[in-house]
Amino acid sequence: MTNPAASAATFASGPPQAPRILFVPVSGAYGMGEYARCMAIAHAASGRWQDAAIHFVLSREAPYAADAPFPATLLTSSPTFHSKAVIELLEGWRPDVVVFDNAGRTAQLRAACRLGAHVVYISARPRQRRKAFRWHWMRLIDEHWIAYPEFSAGSLGLFEKLKLKMVGRPVVRYLDVILPRADLGRRRAILSRAGCGAGTFVLVVPGGGTGHPGADDAVGQFMAAARALASQGVPTVYVGPTSAGAAGEPNWHPLGPLPQADLAELMRSARLIVANGGSTLLQAIACGGACIAVPIAKDQIERTRRCVAAGVAAAAALDAAGMVQAAERLLQNEPQRAALVGRAAQLKLADGVEVAIQALCALVESAQRAAPR
């Protein structure tokens, strides 16, 4: 499924009234936040419309590309750098909606508009947000979804509001947090696998963004912190790549990478969570956890600062000893730990998947009402 023309032909015979949604997340050898976000929305869309045709455009360098559960066109690098291939797919497949997540070029957006597709752009970083607020892009985008909560991503500025008023588009929404809903059965199963009871363990999660330039040793630092906590008698569940064994270490519970739904149930059950400063942190906060944020990429530094300022997380540097010290302080200070939990619960963050699906419903209905292309 690597040839855009072949991929388009594969779907040309689908039900004429089926909504056709194309997802174009930035993708590559490291990081998977955009892909995970689009995948969660895609699964929800396939549940909302059982006959939906859903397609992805991905870099074949991405470690998840070969196992994508939806049909995908694979490119030699991120879709942003392959306008010709993306436009060929647009012309052959004719989607109703195209979702660009931190990806895309002006030529790609223009082609989607020319072919009658609605365009959604998701920004997860200040640079991409500024890109979406350029005059010519605002005229091409129907919906601009800001990937994180308003308190973390920042409210719309005066100039952004003025531009929206002048152009009259796009609709701007905050997705808040992409997070599976609670599942008590799944929670019991994953806690049984971890060998820990709810409220008794520290959860350590380096997340899928490790490997960013300048953070090559992030996994090693997180793992060393987790092993150190376990050696001190703290039940510690580690979710991430590991080759470390568990023999003779009763408090060390390495689970390896997990599906997001399983990780969410561990977050809802942990006494304390040590996570990266990206989507994983916000998911942990949405689960009502007491969190220590460890930024591993440049864009995570400001996000961590905002979370600390809001009183919903403590911070630690990407250093095993510092992470252990931060965890020990919170474990020994129950009022402070409880305060983090309370403030996290007060945020009442929205279900980003539901926000996205409601917006997609309106766009799909609009596309279906339009004259046949």
* Ignoring ligands, DNA and RNA, what accessible area per residue does region 25-140 give at 1.4 Å, in Å²? -> 39
* Asked: Calculated from the structure, Rg/Rh (Cα atoms, Kirkwood Rh) equals which of (1) 0.95; (2) 1.01; (3) 0.99?
  -> (3)
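On a full-extension model of 0.36 nm per residue, what is the gain between Arg343 and Met166, subtracting their alpha-carbon distance, rounded to one decimal in nm?
Full extension of this stretch gives 60.0 nm more.
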* Asked: If amide H atoms are built 1.01 Å from N in the plane of the peptide, which residues on other chains or at least 5 residues away come under 5 Å of the amide H of Tyr174?
  -> Ile146
* Asked: On average, how much accessible surface per residue is there in region 304-373, in Å², for a 1.4 Å probe, leaving out ligands, DNA and RNA?
  -> 51
* To do: Give me the aspartates and glutamates in straight-line cross-link reach of Lys163: C-alpha distance below 20 Å, same-chain residues under 8 apart excluded.
  => Asp142, Glu143, Glu150
* To do: Would you work out what percent of the accessible area of region 99-201, with all protein chains in place, is carbon or sulfur (probe 1.4 Å)?
  => 54
* Structure fact -> Listed by chain and number, the residues whose amide H is under 5 Å from that of Phe56, excluding neighbours fewer than 5 places away on the same chain and using placed H, are Phe23, Ala72, Thr73
* **16 Å Cα-Cα reach of Lys161 towards lysines, excluding residues that sit fewer than 8 places from it in its own chain** => Lys131
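The values are calculated or read from the model by the stated rules, or taken from the named source; none is laboratory data. Just so you know, these numbers come straight off a predicted model, no measurement behind them. Heavy atoms of the whole protein, side chains included, go into the accessibility calculation; ligands, DNA and RNA do not. Shrake-Rupley method; radii C 1.70, N 1.55, O 1.52, S 1.80 Å.
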